[in-house]
């Protein structure tokens, strides 16, 4: 499963690393916290497993006090939420 950003999404980065996304086709506005913003940024057409591995490299599990299993669940929930909102697109291959 490969994931990429929808081509109609414009992202504006804020000072706290969060993002404001606007969808040119629907005029919907979305805000992403720093964690969701990192995931969004990593979704460049790569396989979901590669995106998760790159995400883990940028997260300090000790600081978050979260297990890798919980991180994986949260990651998948964020990805699924962005797919439902048409922020990210799912492809069987790129």
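Bear in mind that the values in this text are calculations on the coordinates, not laboratory data. Please read all numbers here as calculations on a predicted model, not as lab measurements. Neighbour counts are summed over all protein chains in view; Cβ atoms, including those assigned to glycine, are modelled from backbone coordinates with ideal geometry.
A few points about this structure:
- Output for segment 63-94, where each listed residue is part of a loop (DSSP other than H, G, I, E, B) and touching a helix residue (DSSP H, G or I) at 6+ places or on another chain (Cβ under 9 Å): 66, 67, 87
- Residue 3 in contact with a strand residue (DSSP E or B) (Cβ under 8 Å, 6 or more places away or on another chain), surrounded by 15 or more Cβ atoms within 10 Å (Cβ to Cβ) and assigned to a helix (DSSP H, G or I): no
- Residue match in segment 25-34 (condition: touching a strand residue (DSSP E or B) at 6+ places or on another chain (Cβ under 7 Å), assigned to a strand (DSSP E or B) and more than 26 Å from residue 70 (Cα to Cα)): yes
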